[in-house]
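Computed from the coordinates by the stated procedures, all read-outs in this text should not be read as laboratory data. Here the structure is a predicted model, which is why all the values come from computation and not from measurement. Quick reminder, even Gly has a Cβ in these numbers, built from the backbone with ideal geometry, and neighbours come from all protein chains shown.
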Amino acid sequence: MAQSRNADGNGVPPVGGPGAVSLALTVNDITRTVRAEPRLTLAEALRGPLGLTGTKIACDRGACSACTVWLDGVPVCSCMILAIEVGQRRVTTIEGLAEGERLHPVQAAFVAHDAVQCGFCTPGMVMSCAALLAHTKQPSADAVTAAISGHLCRCGTYPHVIAATVAAGAETKGDGP
Ligand code: FES
Ligand code: FES
């Protein structure tokens, strides 16, 4: 099999950095190029050069899920992924859920069920609950509990988050958002 070679011809892939490199990131269906050092996490790239501050960084070590976004529709902790690792995968953030003025059903249910206090965990919670709704018709309270099991809410909104997501599932009747 043919093997790509760097300038030295030794088969070692070229290394980017440590200075800034150009990255093309597709976020909420828009592809933008940013200049970032390879050490930048996806969470930092979103909040910094891309200006999407809805994604929160709390622990910055994969322990709280506050920074949850979707990669190709799958919830992930964006503080645990380097921006340079994202490649062609589609990123969806909390800013990409609503359609214009119309909130995503999970967002609307969070408001209706008072599932927000300080709000720091909320974008990540919403992303995980919305992903659940996208793949599970009318999820049970147990299913929601499992979906948010990695999320820490210091304000204790869990019962409201669960009730909101169950209600959003019932309201959409499993048709998904
Ligand atoms: S900020 Fe990413 S898991 Fe806590
Ligand atoms: S609403 Fe405050 S941390 Fe969850």
Counted charge near residue 27, where neighbours are those whose Cβ lies closer than 14 Å (Asp, Glu -1; Lys, Arg +1): 0
Built amide H within the under 5 Å cut-off of residue 21, gap 5+: 36, 37
Convex hull volume per residue in cubic angstrom - Cα atoms of segment 21-94: 73
Integer Hz, Karplus 6.51/-1.76/1.60 couplings in order for segment 84-97, x for Gly and Pro: 5, 7, 5, x, 7, 5, 7, 9, 10, 10, 4, 5, x, 7
Magnitude of the charge dipole, the chain, Cβ model with Lys/Arg +1 and Asp/Glu -1, debye to 20: 260
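Once every DSSP H run of n ≥ 4 in the chain is given -39500 (n - 2.57) and the sum is divided by its residues, what mean residue ellipticity at 222 nm do you get, rounded to the nearest 500 deg cm²/dmol?
-8500 deg cm²/dmol
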Along the chain, longest interval not containing exposed trypsin sites (Lys or Arg not before Pro), exposed being DSSP loop plus at most 10 other Cβ atoms within 10 Å: 62-172
Antiparallel DSSP beta bridges within the chain, as percent of all bridges there, nearest 5: 90
Top positive-direction residue, dipole computed over the chain with Cβ charges, set 94, 158, 108: 94
